[in-house]
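What follows is a short report on a single structure.
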Amino acid sequence: MAVSVQRPATGPRLETGFVGFSYEKSRLNLPLFNTGNTGLVALFRFLGPGILRVGGNSVDKTTWDNAGLGLTSGKVAPPDVDRLAGFLKASNWRVIYGLNFATNTPSQMADEAAYAANALGASLYGFELGNEPDLYHSNGLRPTTYTYSAFLAEWRNYAAALQAKMASAVFTGPASAYNTSGFTSPFAKDQGSALQLLTQHYYRADGQLVTSTVDLLLSPDPNLPGILQALKQSAAATPGGYRLAEANSFYNGGAPNVSDAYGTALWAIDFLFTNALNGSSGVNFHGGGNSTGYTPIADDGTHVVMARPEYYGLALVAMAAPGRILTTMVSAGTLSFSAYAVAADDGTTALVLVNKDRAQTATVTTGLGVSATSANLTVLTGTSLDSPTGTLLNGAAIGADGSWSPQPSVNVGVVNSSLILTVPPATAVLARIR
């Protein structure tokens with residue numbers, strides 16, 4: 001099979017920080033985000049500086065207790081925010097900080113925001129007001145007659161309260177669950193450049209359905225490019241563009257024994273590059289806990305349990321950044337195969353080849369379109385697409401403490417601007433070409 005890399009690089013940029021995480025705000029009620037959690041700090045730093053989003057369904061059930069001692073279910077207090085601030089500084093990440101929109105008052109929201117802004121300092125990317133307002137009419141947080149217009153009026157009232165206390169407050173939103181045309185795009189139009197970042201969420205399907213399988217996940221979602229293009233167009237006047245601030249495999253917590261399996265690592269690579277190619281500024285993978293559903297990093301509420309297979313896919317993409325994405329042409333026949341290339345800022349080319357086929361090996365000839373002499377390989381493997389264990393990056397696991405002791409990388413020669421590689425079934429390769 002053949003892959004052709006087109007020059008020059010004219011595509012969007014894949015920036016450091018493209019890969020991010022999203023956690024429920026209720027995780028701030030646990031001693032998870034703190035400088036002493038060195039494993040979590042290390043796993044965040046492994047991906048480079050990024051953006052953490054704290055929100056989710058629990059944000060609209062969490063109240064601010066400015067006199068609280070912290071670590072209290074259903075409440076966030078100054079010590080909780082202080083711990084988060086220390087964690088962010090240690091990991092060199094920033095945060096989209098979610099505030100209760102559904103059961104809060106403007107003054108309470110402004111009080112929490114003011115404390116968070118002071119404590120977080122430069123680690124604060126912006127504030128997110130509420131979570132998935134396009135579902136408020138169906139989840140009991142607002143009347144069944146609740147509309148976008150009603151949401152916008154409320155949102156502006158809350159935003160004004162924050163700005164009255166902090167003129168420099170920066171906002172992201174609307175954090176819609178899915179309704180691009182009815183919520184996200186109108187919000188971008190109505191808020192315009194006053195909004196720092198346009199956000200929406202994405203999941204492939206309902207994790208409670210028997211049809212939510214690894215094979216479904218690995219088959220391209222035909223609707224995704226159109227959704228992303230609509231978001232890109234809507235965010236044209238938004239300084240930070242758009243971002244999928246919460247996303248993962250399947251909603252309702254994921255599909256048990258599917259969302260934690262190796263196949264998610266290969267899906268994540270395709271998903272991230274699809275986002276990048278369609279102009280997204282990044283993706284925040286939702287997680288937390290240690291169930292058989294989704295989370296890139298499993299934890300027990302205090303410490304890291306393990307880096308799940310999905311994390312390995314995120315790590316491989318992070319290794320390809322930063323740089324400008326090159327157009328690739330793939331001729332793979334019936335093979336489930338994809339290829340991406342990045343003209344890296346250091347002058348190398350990062351070529352990512354993903355063989356999602358369960359049985360067939362791919363022998364790939366890649367025309368690089370540029371003179372080169374060698375390629376250094378980083379290889380992602382797993383026991384099987386359905387296995388939650390056995391994922392390796394260059395023959396080694398990424399430890400719960402963030403450690404990684406890979407086997408020596410393989411170097412392959414480049415002949416006449418062509419690279420020939422064999423990619424086994426269910427394998428991804430990152431070739432750093434010089």
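The values are calculated or read from the model by the stated rules, or taken from the named source; none is laboratory data. Here the structure is a predicted model, which means the values were calculated and not measured. A quick note on method: Cβ atoms are made from the backbone with ideal geometry, for glycine too, and the neighbour counts reach across all protein chains shown.
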Item to complete: For segment 28-83, name all the residues that are more than 17 Å from the chain's Cα centre (by Cα) and of a type in the set (Phe, Trp, Tyr).
Response: 33, 64
Worksheet item: Mind checking whether some residue in segment 109-119 is of a type in the set (Gly, Ala, Ser), over 25 Å from residue 35 (Cβ atoms) and either modelled with pLDDT of 95 or more or in the same structural domain as residue 35 (by TED's automatic domain parsing) (or both)?
Response: yes
Worksheet item: Could you say which residue among 147, 105 is without any contact (Cβ under 8 Å) to a residue 12 or more places away in the chain, in the same structural domain as residue 191 (by TED's automatic domain parsing), more than 19 Å from residue 65 (Cβ to Cβ) and surrounded by fewer than 20 Cβ atoms within 10 Å (Cβ to Cβ)?
Response: 147
Response to the item:
Those residues of segment 82-102 which are buried (at least 23 other Cβ atoms within 10 Å of the Cβ) and either under 29 Å from residue 142 (Cα atoms) or of a type in the set (Ser, Thr, Tyr) (or both) amount to 91, 95, 96, 97, 98, 99, 100, 101
Worksheet item: What are the residues in segment 187-201 that are surrounded by 14 or more Cβ atoms within 10 Å (Cβ to Cβ) and small (Gly, Ala, Ser), if any?
Response: 188, 194
Discussion item. So, residue 139, is that one assigned to a loop (DSSP other than H, G, I, E, B), farther than 22 Å from residue 283 by Cα and modelled with pLDDT of 95 or more or not?
Written reply: yes
Worksheet item: What are the residues in segment 150-165 that are of a type in the set (A, V, I, L, M), surrounded by fewer than 15 Cβ atoms within 10 Å (Cβ to Cβ) and farther than 16 Å from residue 189 by Cβ, if any?
Response: 160, 164
Item to complete: All but one of (1) in a loop (DSSP other than H, G, I, E, B); (2) over 23 Å from the mean Cα position of the chain (by Cα); (3) of a type outside the set (Phe, Trp, Tyr); (4) closer than 16 Å to residue 175 by Cα hold for residue 159, so report the exception by its number.
Response: (1)
Worksheet entry | Residues being farther than 10 Å from residue 260 by Cβ and either in contact (Cβ under 8 Å) with a residue 40 or more places away in the chain or among the hydroxyl-bearing types (Ser, Thr, Tyr) (or both) - total across segment 280-295 | 9
Worksheet entry | Selected residue (only one of 392, 351, 335 is surrounded by 24 or more Cβ atoms within 10 Å (Cβ to Cβ), at pLDDT 95 or above and not assigned by TED's automatic domain parsing to the domain that holds residue 284) | 351
Worksheet, complete the sentence: Those strands (runs of 3 or more DSSP E) completely within segment 313-377 that have 2 or more residues that are touching a Ser or Thr at 6+ places or on another chain (Cβ under 8 Å) and among the aliphatic types (A, V, I, L, M) are 328-331, 337-344, 349-355, 362-367
Item to complete: Please work out if residue 75 is in contact (Cβ under 8 Å) with a residue 12 or more places away in the chain, surrounded by fewer than 18 Cβ atoms within 10 Å (Cβ to Cβ), farther than 30 Å from residue 418 by Cβ and in contact with a strand residue (DSSP E or B) (Cβ under 9 Å, 6 or more places away or on another chain).
Response: yes
Worksheet item: Is there any pair linking a residue in segment 1-30 that is under 8 Å from residue 326 (Cα atoms) to one that is in a loop (DSSP other than H, G, I, E, B) and of a type in the set (Ser, Thr, Tyr), with Cβ under 7 Å and at least six apart or on different chains, and which?
Response: 6/327; 11/327
Item to complete: Just name the residue that is farthest from residue 297 (Cα to Cα) out of those in segment 25-49 that are surrounded by 23 or more Cβ atoms within 10 Å (Cβ to Cβ) and out of contact with any Leu (no Cβ under 8 Å at 6 or more places or on another chain).
Response: 25
Worksheet item: Is it the case that some residue within segment 383-390 is outside any loop (DSSP other than H, G, I, E, B) and not basic (Lys, Arg)?
Response: no
